[in-house]
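All remarks here apply to the structure that follows.
The values are calculated or read from the model by the stated rules, or taken from the named source; none is laboratory data. Given the structure is predicted, the values throughout are model-derived calculations rather than measurements. Here Cβ is always computed from backbone atoms with ideal geometry, including for glycine, and neighbour counts include all displayed protein chains. Accessible surface is based on the protein model in full, side chains and every heavy atom, while ligands, DNA and RNA are left aside. Shrake-Rupley method; radii C 1.70, N 1.55, O 1.52, S 1.80 Å.
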Amino acid sequence: MERAELTTEQVLKRDIPWETYMTTKLISGTGLQLLRRFDNRAESVRAQLLDDDGPAYVQVFVSILRDIFKEETVEYVLALIDEMLTANPKRARLFHDKSLANEDTYEPFLRLLWKGNWFIQEKSCKILALIVSARPKTQNGVVANGEASNSKTKLTTIDAVLRGLVEWLCTQLKKPYHPSRGIPTAINCLAALLKEPVVRSSFVQADGVKLLIPLICPASTQQSIQLLYETCLCVWLLSYYEPVIEYLATSRALPRLVDVVRSSTKEKVVRVVVLTFRNLLSKGTCGAQMVDLGLPQIIQSLKAQTWSDEDLLEALNQLEDGLKDNIKKLSSFDKYKQEVLLGHLDWSPMHKDPLFWRDNITCFEENDFQILRVLITIMDSSNDPRPLAVACFDISQFIQHHPAGRVIVNDLKAKERVMKLMNHESAEVTKNALLCIQRLFLGAKYASFLQV
């Protein structure tokens with residue numbers, strides 16, 4: 001059987017020769033006694049032993065992982081620790097007991113992240129994340145467990161542990177050691193650790209944020225929904241960290257998050273994405289991007305659905321209010337851009353305002369004439385006469401006000417689309433299509449006159 005496919009249950013069926021290890025002085029007599037009492041016992045018996053003598057068992061387990069390198073034994077002890085922490089995660093506090101002040105409880109797990117097979121790596125990662133998260137909150141982050149800073153033993157610092165974990169997690173996200181479990185394991189661990197300021201800064205320094213973006217995509221299976229949820233949870237935790245904001249604003253993060261919230265029916269996924277939007281709304285260009293991406297309409301749709309989570313309902317209301325405030329603050333061109341990108345073209349005052357066109361004509365050059373291209377697409381794809389008429393009119397205004405308007409519109413192959421609309425059944429559309437064609441040919445007439 002492949003080591004990567006081992007389960008805790010399978011590993012715990014092994015018989016480990018503890019007496020041999022004592023004979024070779026790899027474990028002490030006391031350690032052997034503790035193991036004999038604990039090994040192959042019912043869960044209730046083990047629970048009582050851990051309640052009575054938990055730190056002593058932790059010391060034995062850690063010393064075995066430190067001193068014994070036989071793979072089967074390392075796997076067995078990791079499985080024992082994993083089982084005891086799965087049954088009661090609060091037992092992770094045992095690793096920080098004062099009696100273990102001079103024990104380097106982190107080092108064996110940190111080393112095994114890189115040395116072992118997948119079973120060993122996965123268990124070490126899970127255990128390390130749990131015991132790191134359970135450390136006393138009074139620590140200053142410089143020393144490891146609960147030891148005094150004048151301890152003579154050189155112990156692994158918490159910062160070194162967190163940096164080592166982040167390095168391993170980023171490696172899994174780039175090139176997973178296990179084809180199906182590498183990435184989910186890394187994301188699950190990250191979601192638990194990104195509450196730590198040191199982890200956030202290390203993750204950003206390791207360029208880890210970009211590794212999350214491809215994982216933000218609509219999911220259907222239970223497994224992929226959980227991965228999506230934990231990925232979005234990571235992004236939410238990072239949205240509290242100022243150095244990440246600019247990257248989130250300039251990457252594909254926001255469009256991907258909008259796609260997720262538009263298509264997801266899983267409440268916990270919607271909740272964490274909406275909370276992320278709420279955090280980012282006032283940061284840099286994020287608010288304007290959310291408006292451009294059509295988030296106000298999506299929020300309205302989400303509000304019309306039934307949700308049981310009161311925090312989500314409150315966040316939706318706050319986000320809706322924030323987006324409305326954002327729209328109010330937008331410049332006239334931002335409002336126009338939003339109207340075009342959403343395909344909601346109507347005869348709002350700015351379309352026929354000469355000052356709007358004169359003041360904003362160079363804005364149409366942004367992103368390789370993105371707005372102009374969208375107007376042309378609307379002429380091709382819309383079935384509604386009003387947007388068709390407004391798109392024709394706006395292109396005619398662009399030709400009139402931009403020095404190279406006629407050339408640019410011709411280069412974008414708009415003339416053929418406008419010509420088709422000359423035969424449209426709506427008089428409003430044919431009138432504005434005719435105006436647009438006249439401007440195109442009028443421009444050509446002037447150009448030929450100037451060339452003579």
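Kindly establish whether Thr265 is outside the structural domain of Gln121 (by the TED database), exposed (fewer than 15 other Cβ atoms within 10 Å of the Cβ) and polar (S, T, N, Q). Even if it seems obvious, please write down each step before you answer.
Working: outside the structural domain of Gln121 (by the TED database): yes; exposed (fewer than 15 other Cβ atoms within 10 Å of the Cβ): yes; polar (S, T, N, Q): yes.
Yes, satisfied.
In segment 291-343, the qualifying residues are those that are of a type in the set (Val, Ile, Thr) and closer than 30 Å to Asp359 by Cα, and the one that is most open to solvent (accessible area, probe 1.4 Å) is Ile327. As a summary of the residue check, Ser331 satisfies the conditions (1) more than 30 Å from the chain's Cα centre (by Cα); (2) within 16 Å of Asp394 (Cα to Cα) except for the one numbered (2).
Table: residues versus (1) touching a residue at least 24 places away in the same chain (Cβ under 8 Å); (2) on the phi > 0 side of the Ramachandran plot.
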| site | (1), (2) |
| --- | --- |
| Trp18 | no, no |
| Asn40 | no, yes |
| Ser44 | no, no |
| Asp52 | no, no |
| Ser63 | yes, no |
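Could you go through segment 290-298 and let me know if any residue there is in contact with a helix residue (DSSP H, G or I) (Cβ under 9 Å, 6 or more places away or on another chain), under 21 Å from Ser239 (Cα atoms) and acidic (Asp, Glu). Looking for residues that are in contact with a helix residue (DSSP H, G or I) (Cβ under 9 Å, 6 or more places away or on another chain), under 21 Å from Ser239 (Cα atoms) and acidic (Asp, Glu), one finds at least one in segment 290-298, hence yes.
To keep it simple, each residue is scored yes or no on (1) surrounded by fewer than 18 Cβ atoms within 10 Å (Cβ to Cβ); (2) in contact with a strand residue (DSSP E or B) (Cβ under 8 Å, 6 or more places away or on another chain); (3) under 30 Å from Ile158 (Cα atoms).
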site: Ile16; (1), (2), (3): no, no, no
site: Gly29; (1), (2), (3): yes, no, no
site: Asn40; (1), (2), (3): yes, no, no
site: Leu49; (1), (2), (3): yes, no, yes
site: Asp53; (1), (2), (3): yes, no, yes
site: Asp82; (1), (2), (3): no, no, yes
site: Ala87; (1), (2), (3): yes, no, yes
site: Arg93; (1), (2), (3): yes, no, yes
site: His96; (1), (2), (3): no, no, yes
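Answer yes or no: is there a residue in segment 274-281 that is in a loop (DSSP other than H, G, I, E, B), in contact (Cβ under 8 Å) with a residue 40 or more places away in the chain and surrounded by 15 or more Cβ atoms within 10 Å (Cβ to Cβ).
yes
Of everything in segment 220-245, what is without any contact (Cβ under 8 Å) to a residue 24 or more places away in the chain and either open to solvent by less than 60 Å² (accessible area, probe 1.4 Å) or among the polar types (S, T, N, Q) (or both)? Give them in sequence order. Result: Ser220, Thr221, Gln222, Ser224. Residues of segment 230-276 that are over 22 Å from Lys195 (Cβ atoms) and polar (S, T, N, Q): Thr250, Ser251, Ser263, Ser264, Thr265.
Scanning segment 3-14 for residues that are open to solvent by less than 70 Å² (accessible area, probe 1.4 Å) and in a loop (DSSP other than H, G, I, E, B) yields Leu6, Thr7, Leu12, Arg14.
Which members of segment 210-219 meet the condition of being among the aliphatic types (A, V, I, L, M) and open to solvent by 10 Å² or more (accessible area, probe 1.4 Å)? Can you show your working first?
Restricting attention to segment 210-219, the residues satisfying the condition of being among the aliphatic types (A, V, I, L, M) are 211-213, 215-216, 219.
The answer is Leu211, Ile213, Leu215, Ala219.
Residues that are of a type in the set (Asp, Glu) and at pLDDT below 95 do not occur anywhere in segment 391-409.
Restricting attention to segment 60-73, report how many residues are open to solvent by 10 Å² or more (accessible area, probe 1.4 Å) and assigned to a helix (DSSP H, G or I). Give the steps one after another, and end with the answer.
Within segment 60-73, the subset open to solvent by 10 Å² or more (accessible area, probe 1.4 Å) is 60, 63, 66-67, 69-72.
Filter again for assigned to a helix (DSSP H, G or I), leaving 60, 63, 66-67, 71-72.
Of the residues in that region, 6 qualify.
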